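Beneath this line is the structure, given in C-alpha cells, with notes to follow.
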Amino acid sequence: MEKLQTIERLSLNQITTENWSLPEAVKGCVRAEIPWISLWRHKIAETGLAESKKLVREAGLRVSSVCRGGMFPAGSVSERQKKLDDNRRAVDEAAELEAEVLVLVCGPAPDKDIESARKWVEEGIEQLVPYAKSCGVRLGIEPLHPMYAAERSVVVTLAQAIDLAERYSPSDVGVIVDVFHVWWDPDLYNQITRASGRILGFHVSDWIVPTPDLLMARGMMGDGVIEIRRIRQAVEAAGYAGPIEVEIFNRAIWEQPGDEVLAMMKERYLQHV
C-alpha cells in the first residue's frame, strides 16, 4: 500500500510566490505551517543576507536550497572569472543561511558554440567545488528541459548532469531532479536509479497542455500530464528522503493571493505527490 505523503517534507520554492518579498514568504510559510523554504538570490539581496537569515531562523523554518548558482559560460576569460566569483558569493549565502545545497543552473552558450559552453560549465564546476566543500555546501546540478538550451542551460538531460556530478564525491556534488524538466525523458527511471546517493533535491510542478508559454508554463500539481508520484517514488527508491520543493513559474499563479496559493499547494501536494 502506498504510504501517504506528509507535510513535513514540503518546501515553498520562493519563485512560486514571486510577488511576495522574502519576509512575506517567510510569514506565509508560518501561517500555512510549511516547514521548509527555498530562497532565491534576488529576494535575499532585496532583504539583505543578515536579515534574511534572522527572519528564517526566528520563524523556525529550514532552507532547503538557495537558487541559484551556475551560469558559467561566457565569451571571455574575464567574464567567466566574474561568473565564478559570483558563484562563490552564492556559496557564501547558502552557507550563511545553513542551506546544504546550492542549485546550479549551468547557463547557455554565449554564441552558437554549445560544445565550448559545455566545456566552460565543466571548468566552472571544477573550480567551484573546492570552495563549496570548504564552506560545507553541496552543489546540485539541475538539468533543464532542452527547450531552454539556448537561454538557460546547456545541461539538458539527467544523464548529462550525472556525468558531470560523477567526477566528484557524492558528498560534494549531486543532481537536482525537477519533474518539469525531466518527465519526458525515455531513460528517466534508469537515470534516477543511476543517480542513487547523488540526488540533492526534488522539485515538483506540472506540465500544462496546451503549453501556454516557454518559461511561465508550469502548473500546479495535478493540472498537467506529469506522473509526479511515480517519479517521487523512483527518487525515494534511489535514496532521496529530503525536502520536496514546489517550484512554479506561472504569472496567473503569481497574481493570486499568496495564502491561497500556499493552501492549494499543500492540498495538491498531498493529492498528487
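The values are calculated or read from the model by the stated rules, or taken from the named source; none is laboratory data. Note that this is a predicted model, so its numbers are computed, not measured. In this analysis, Cβ positions are derived from the backbone assuming ideal geometry, glycine residues included, and neighbour counts consider all displayed protein chains.
Which condition from (1) touching a residue at least 24 places away in the same chain (Cβ under 8 Å); (2) over 18 Å from residue 167 (Cβ atoms); (3) not in a loop (DSSP other than H, G, I, E, B) is the one that residue 75 breaks?
Here residue 75 meets the rest and fails (3).
Name the residue that is surrounded by the fewest Cβ atoms within 10 Å (Cβ to Cβ), counting only residues in the stretch 144-167 that are within 18 Å of residue 227 (Cα to Cα) and of a type outside the set (Ser, Thr, Tyr).
Within the stretch 144-167, the subset within 18 Å of residue 227 (Cα to Cα) is 144-145, 157-158.
Add one more test, that the residue is of a type outside the set (Ser, Thr, Tyr), and what stays is 144-145, 158.
On the way: 144: 23, 145: 20, 158: 26.
In this case the residue turns out to be 145.
Could you check the stretch 168-193 and list, in sequence order, the residues that are outside any strand (DSSP E or B) and crowded, with 24+ Cβ neighbours inside 10 Å? Give the steps one after another, and end with the answer.
First, the residues of the stretch 168-193 that are outside any strand (DSSP E or B): 168-172, 179-193.
Passing the criteria: 179, 181, 182, 192.
Please work out which one of (1) outside any helix (DSSP H, G or I); (2) at pLDDT 95 or above; (3) more than 18 Å from the chain's Cα centre (by Cα) is the condition residue 58 fails and give its number.
(1)
Search the stretch 14-32 for residues being within 15 Å of residue 245 (Cα to Cα) and out of contact with any Leu (no Cβ under 9 Å at 6 or more places or on another chain), and hand back the single one that is surrounded by the fewest Cβ atoms within 10 Å (Cβ to Cβ).
Looking at residues that are within 15 Å of residue 245 (Cα to Cα) and out of contact with any Leu (no Cβ under 9 Å at 6 or more places or on another chain), I get 18.
Out of 123, 100, which single residue is under 15 Å from residue 168 (Cβ atoms), among the charged types (D, E, K, R) and surrounded by fewer than 22 Cβ atoms within 10 Å (Cβ to Cβ)?
Values: 100 fails: under 15 Å from residue 168 (Cβ atoms).
After applying the criteria, what remains is 123.
Quick one: which of 208, 199, 244, 226 is free of Cβ contacts under 8 Å to residues at least 24 places away in the same chain and either surrounded by 15 or more Cβ atoms within 10 Å (Cβ to Cβ) or aromatic (Phe, Trp, Tyr) (or both)?
Values: 199 fails: free of Cβ contacts under 8 Å to residues at least 24 places away in the same chain; 244 fails: free of Cβ contacts under 8 Å to residues at least 24 places away in the same chain; 226 fails: free of Cβ contacts under 8 Å to residues at least 24 places away in the same chain.
Being free of Cβ contacts under 8 Å to residues at least 24 places away in the same chain and either surrounded by 15 or more Cβ atoms within 10 Å (Cβ to Cβ) or aromatic (Phe, Trp, Tyr) (or both) holds for just one of 208, 199, 244, 226, which is 208.
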